[in-house]
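Reading through the structure tokens given below for one structure.
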């Protein structure tokens, strides 16, 4: 095909369209006349000649169409006209168009937002080269709890085994740091040499920690590699930072290197700001050699994680025997040999946020996808409604020679335009929906910094989704359009009847049903949150401050709790505003679910489990826990007298103690010094910090009887402004030596912050449920409005023959209510059937709670009535004269 | 929107070019001439003829002018361009080759 002439024609067809059209018209008219002349010359009468001539040509307009199809640039030209036509159509019905665009924006925007969050939580990879090639080796005890691995084993893994290169990693604790006079808090990780090589990262300034800096068997060099973030924070990006001094916790260190921006270790949530060799700035004790929480490494080519696990499993006993025992004994005393090792992919890094929220998040994403389905359904029904109204127009177009393909294509263009507008609107909506999420999820760790803003990949998916929706939604009415009869129906009174109308009704009912289900879920979750917050924690919460103490480096060496704490408490009580102070090991910062088997000594286990806490003698009194029977700890309970415990009410009941438990002997877990405890008292139930578990089975041991005691929680009665008191507590503890205050909170705030997951679920589901209902109402409103527009003549007639406007209005509202009612009925039944799915997230509320269902149903019904108000008013205000005149 | 197969379309194009070889004609005239030169075997329907004429013109094989027809009506006349003549030679040669080959095939 010769290119140049085609381009010329293309250009001409585009720019000089009118001329081309006119020329075609002239040509074909002329041809017709010639043909007519021919026939007249052959003897036919003029009108006959014309008729036959037209028949031979096949009609002027259809012929024109066929010639047009042959023109170059046909598709673009046709598309251009379709777009113009579609735009005109969209402009002419603003209510429908805005309803459609809004629907799409809501559906796509919500989906984009939720998908962004899920992406950030579950899919995002670490900012290192080949993140999927990074693996981590961890060991787990039989309860599945992760345990530490002695660091010296890392040398062995570098010599033999499935790793090309391995390094030990122990990170995630935050410390106070200071440099250039600027104090800050930073999260630190302790790594062996080669860690940066394993991760695939090189410092941009200085060098990385090498094997020489981290000998493991002896103390490491006091050097640190800092993150780009910390570099700017403390050194203002000074390029001469290498060798400068930085104080970490109580040690002085020098800066060895600065890492590239964007890289912050394997902790996806918080990032690590300081990398240091083990046993350097935080010295290890001689009884406690450095341990790693994971061993990071890259596997040898061709080795799968399963093979690696098996290999290390085989090497494990020999390795442990070699390495110097270096772990702290946990309360069970199980040794490492019994642990299971596992090699897991580390591409996404460690993320506590992910672990906490992944399940809730997937449910939310599921709901949001449902919302998009709803939006599509909504849009489909709106388009169908319009189609029914346009059947006359379509009939005429088909009669004039339009092809089904043309009509279908034009409707698709309209759908695509609407969804394009909706998608564009959806983007800022998505950003807005994502904005409050970090605040909701923030667990308050130092340096927590997850970004949920939609990244380009998510936005691209959004755009595609928007387009797909547009195309998909137009296929529904197109199916109906193509079934259109060619016969032109010029009836002047068309009420919305027929198959299209049935589909519309069905879709609307489905919409209402789905939104009812989602709303019920949202209400259940919200009530659940409310219940949790109303739970009686069993302790006094007002005016109570909870401080958590951690040891400074070397602080525990030679520590004597009996000599250390009483003077500290005296000093603290001297602070103005401070009342009584109690000590506890666990309360109120309960972490995890460490329960152990308990039973009476000499009896069969009843299957009861409990958790342990070590508390000072005045703990119950200060915390407001009531003694129910027996006694509490006294000064008579010493290290030499028999070990006594106080148990909670719930444990007493769980032990099936028909009679008195006072005086009976209890066995807790399997540790030797906890197998013969005398129960001296029972106290009322109290939480250990988790409101979802306000009545745990608790065994309280006396701190004064413990062999060693450190890192306590302090429960402090305060009066007045807590801020200066908190500052004074920090100062006093630090000055007293050995320990520092790592966290200090008011107890009521601490407890309230606990059910974060429930709060997030409730808020997000309420948001989505609300959106769903909004969509359904837009749908109902749209359909009713269009119905009124279509039936203007009918309404005009009714008003003219004496109907009262109120009756007409009432009719419209009734139609809306009936639709809503059916939808609500279906929705309530569906929600009832699906209630089980939500059960694990609920607390204190039954999944089939009748109050919730009833309230939601009533609410949606009321909205359904409301949705009909505006169309009803429009119906009532129809002027019969005008309506009947328009034809 | 051509519903003809490519072979038929190519054949029609060739006949149109051939019909215009002696001199210019308007659309109807081309139709008559094609009927004539194929001894009535081919009747170019207006529905395929006019699109073909326009297509050939766009491809640069035909040129058009507005002139007076035999009964003094204004009509659009088509004529072969130089490229059109070359194209006619090419497709004629091609057609002959095909006819020969098919002829051989049918003989055996």
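Details
- Residue count, region A:808-834 (criterion: over 27 Å from residue A:872 (Cα atoms), touching a residue at least 40 places away in the same chain (Cβ under 8 Å) and surrounded by fewer than 19 Cβ atoms within 10 Å (Cβ to Cβ)): 2
- Flag if residue A:861 is surrounded by fewer than 19 Cβ atoms within 10 Å (Cβ to Cβ), free of Cβ contacts under 8 Å to residues at least 60 places away in the same chain and in contact with a helix residue (DSSP H, G or I) (Cβ under 7 Å, 6 or more places away or on another chain): yes
- In region A:137-242, counting only strands (runs of 3 or more DSSP E) that sit wholly within it, the ones holding 3 or more residues that are in contact with a strand residue (DSSP E or B) (Cβ under 9 Å, 6 or more places away or on another chain) and within 22 Å of residue A:311 (Cβ to Cβ) span A:163-179.
- Scan of region A:8-19 for residues that are more than 10 Å from every other protein chain (Cβ to nearest Cβ) and either farther than 27 Å from residue B:69 by Cβ or in contact (Cβ under 8 Å) with a residue 12 or more places away in the chain (or both), ordered by number: A:11, A:14, A:15, A:17
- Output for region A:56-73, where each listed residue is more than 9 Å from every other protein chain (Cβ to nearest Cβ) and over 22 Å from residue B:30 (Cα atoms): A:73
- Unmet requirement for residue A:369, which otherwise passes all of (1) surrounded by 22 or more Cβ atoms within 10 Å (Cβ to Cβ); (2) modelled with pLDDT of 70 or more; (3) more than 30 Å from residue A:200 (Cα to Cα): (1)
- Residue check for residue A:53: more than 36 Å from the chain's Cα centre (by Cα) and farther than 28 Å from residue B:57 by Cβ: no
- In the set A:460, A:426, only one residue is crowded, with 22+ Cβ neighbours inside 10 Å, within 22 Å of the chain's Cα centre (by Cα), at pLDDT 80 or above and in a helix (DSSP H, G or I); that residue is A:426.
- Looking across region A:20-55, the residues that are facing chain B (nearest Cβ under 9 Å) and either in contact with a strand residue (DSSP E or B) (Cβ under 9 Å, 6 or more places away or on another chain) or surrounded by 15 or more Cβ atoms within 10 Å (Cβ to Cβ) (or both) come down to A:23, A:24, A:26, A:27, A:28, A:30, A:31, A:33, A:34, A:35, A:37, A:38.
- Residue within region A:718-730 that is at pLDDT below 85 and not in a strand (DSSP E or B) present: no
- Test: residue in region A:109-121 that is out of contact with any strand residue (DSSP E or B) (no Cβ under 8 Å at 6 or more places or on another chain) and within 22 Å of residue A:413 (Cα to Cα): yes
- Those residues of region A:85-128 which are touching a helix residue (DSSP H, G or I) at 6+ places or on another chain (Cβ under 7 Å), within 24 Å of residue A:263 (Cβ to Cβ) and crowded, with 23+ Cβ neighbours inside 10 Å, in sequence order: A:116, A:117, A:121
- Filter pass, residue A:633 being within 40 Å of the chain's Cα centre (by Cα), buried (at least 17 other Cβ atoms within 10 Å of the Cβ) and modelled with pLDDT of 85 or more: no
- Hits in region A:618-634 - residues which are touching a residue at least 60 places away in the same chain (Cβ under 8 Å) and more than 20 Å from residue A:661 (Cα to Cα): A:619, A:622, A:623, A:624
- With respect to (1) within 14 Å of chain B (Cβ to nearest Cβ); (2) under 30 Å from residue A:430 (Cα atoms), the lone exception for residue A:111 is condition (1).
- Boolean, residue A:661 is farther than 16 Å from residue A:603 by Cβ and either crowded, with 16+ Cβ neighbours inside 10 Å or free of Cβ contacts under 8 Å to residues at least 60 places away in the same chain (or both): no
The values are calculated or read from the model by the stated rules, or taken from the named source; none is laboratory data. Please read all numbers here as calculations on a predicted model, not as lab measurements. Cβ: placed from backbone, ideal geometry, glycine included. Neighbour counts: every protein chain shown.
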